[in-house]
Amino acid sequence: MRKKVTLVTGAAGEVGTSLVQQLADTGERHLLTLDLTPLSYGVGAAHTHIQGDILDQSLLARLVAEYEIETIFHLAALLSTRAEFTPETAHRVNVEGTLALLRLASEQSQWRGIAVQFVFPSSIAVYGLPTPEAKGRYSRVREWEWTNPTTMYGCNKRYCELLGRYLSHHYKQLSAEEPVMIDFRSVRFPGLISAFTVPSGGTSDYAPEMLHAAAQGKPYLCFVEPHVRIPFMAMPDATNALVTLAAAPQKNLSKIVYNVTSFSLSAAEIRELVLGAFPDASIDYEPDMKRQAIVETWPADLDDTAASQDWKWHPDYDRERAFNDYLIPNIKKRYSS
Ligand code: SER
């Protein structure tokens, strides 16, 4: 008998670290995690970690042979700044890697005769506001607006959303009878801030970097200008969004891809909040105009009405709670120990 599992790719990454621990705490299903690196955390007996590459087809074939995969949280990706340095590698990981996992989900769905669930974190990077004036005018962007990304990562995420739509709604296997469609669900995240991990290679990283540097007494040079504004979310809300969307009855879902967000802050406002908690912190600005240009095309805020209507999405951490109850106390504890 093959073991029934939930598969999490990118499990050693920023979202993965938090999601896997949440799934382990609440779930009854065995967890199969996959990442290029070993995990820095342990999650108990009902868990198998495989160190490997999502582009390794023989590895994926082995997983299909050994496990019955019921749900996939596909988190592995190269983030937006990193992807601009190596766009073709980003395309391979972000698009071909996702296609390989979608193929795996399709095969499992056919074989089992029921739709495998595929949960995909997309991003604010799928949006591309053409000018700062447009960004100022269309502040709370809805899912169908301004989806003209300007980065490789944004293009990759947008295309994978469309692949998911195709495979969950429109795929016709021309040579065989009607295929069983996968159950693809996606959220577009804003910038994420975790108290426990620092991201690498993203363009919203200035927020978590500022906070973690201040807590360690290290000076920080912010790579965007003070006025730059994008939406953010505390990591527990991000993983809750994935888990809540996965648990929602399919009949309630009017969309395949949903915006989710919590609070919108400028870099200067983040600096103020960080200085409030760490008054001696040294935080200055040294804008990198290429990274600045990326965030200038991302919306100042997201409209997440559809998610709150369809699956009762609501962030637990608004700006005050995120900083006062989650980020500051946990970061202080982390660096003092
Ligand atoms: N946080 C990501 C990045 O900056 C966006 O999804 O690339």
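Numbers for the structure displayed
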| item | result |
| --- | --- |
| Exclusive hit being under 30 Å from V295 (Cα atoms), of a type in the set (D, E, K, R) and open to solvent by less than 30 Å² (accessible area, probe 1.4 Å), set D35, D53 | D35 |
| Residues being under 17 Å from F232 (Cβ atoms), among the hydrophobic types (A, V, I, L, M, F, W, C) and either outside any loop (DSSP other than H, G, I, E, B) or open to solvent by 80 Å² or more (accessible area, probe 1.4 Å) (or both) - total across segment 284-337 | 9 |
| Residues satisfying the stated conditions in segment 213-246, i.e. of a type outside the set (D, E, K, R) and out of contact with any strand residue (DSSP E or B) (no Cβ under 9 Å at 6 or more places or on another chain) | A215, Q216, G217, P236, T239, N240, T244 |
| Members of segment 88-106 that are polar (S, T, N, Q) and either modelled with pLDDT of 95 or more or within 16 Å of the ligand (Cβ to nearest atom) (or both) | T89, N94, T98 |
| Pairs with Cβ under 7 Å, 6+ apart, first in segment 11-35 and closer than 23 Å to A65 by Cα, second of a type in the set (F, W, Y) | L32/Y67 |
| Qualifying residue in segment 259-279 (condition: closer than 19 Å to E14 by Cα, open to solvent by less than 30 Å² (accessible area, probe 1.4 Å), in contact with a Lys or Arg (Cβ under 9 Å, 6 or more places away or on another chain) and part of a loop (DSSP other than H, G, I, E, B)) | yes |
| Residue satisfying all of: in segment 276-296; away from the ligand (no atom under 16 Å from the Cβ) and not small (G, A, S); nearest to the chain's Cα centre (by Cα) among these | M289 |
| Residue, nearest to the ligand (Cβ to nearest atom), within segment 186-231, restricted to residues that are without any contact (Cβ under 8 Å) to a residue 60 or more places away in the chain and either part of a helix (DSSP H, G or I) or open to solvent by less than 20 Å² (accessible area, probe 1.4 Å) (or both) | P208 |
| Check on A238, out of contact with any Ser or Thr (no Cβ under 6 Å at 6 or more places or on another chain), in contact (Cβ under 8 Å) with a residue 60 or more places away in the chain and in a helix (DSSP H, G or I) | yes |
| Enumeration of residues in segment 136-156 that are out of contact with any Lys or Arg (no Cβ under 8 Å at 6 or more places or on another chain) and charged (D, E, K, R) | R137, R140, R142, E145 |
| Filtered residues of segment 66-118 (kept if under 11 Å from M152 (Cβ atoms), among the hydroxyl-bearing types (S, T, Y) and buried (at least 16 other Cβ atoms within 10 Å of the Cβ)) | S80, T81 |
| Some residue of segment 66-87 being basic (K, R), away from the ligand (no atom under 16 Å from the Cβ), part of a helix (DSSP H, G or I) and more than 20 Å from L19 (Cα to Cα) | no |
| Only one of L265, L275, L242 that is in contact with a Leu (Cβ under 8 Å, 6 or more places away or on another chain), hydrophobic (A, V, I, L, M, F, W, C) and closer than 16 Å to P226 by Cβ | L265 |
| Members of segment 124-148 that are among the aliphatic types (A, V, I, L, M) and surrounded by fewer than 16 Cβ atoms within 10 Å (Cβ to Cβ) | A134 |
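The values are calculated or read from the model by the stated rules, or taken from the named source; none is laboratory data. These numbers were taken from a predicted model, which means no experiment stands behind them. We place every Cβ from the backbone using ideal geometry, glycine too, and count neighbours over all the protein chains shown. Surface accessibility is based on the protein's heavy atoms, side chains included, excluding ligands, DNA and RNA. Shrake-Rupley method; radii C 1.70, N 1.55, O 1.52, S 1.80 Å.
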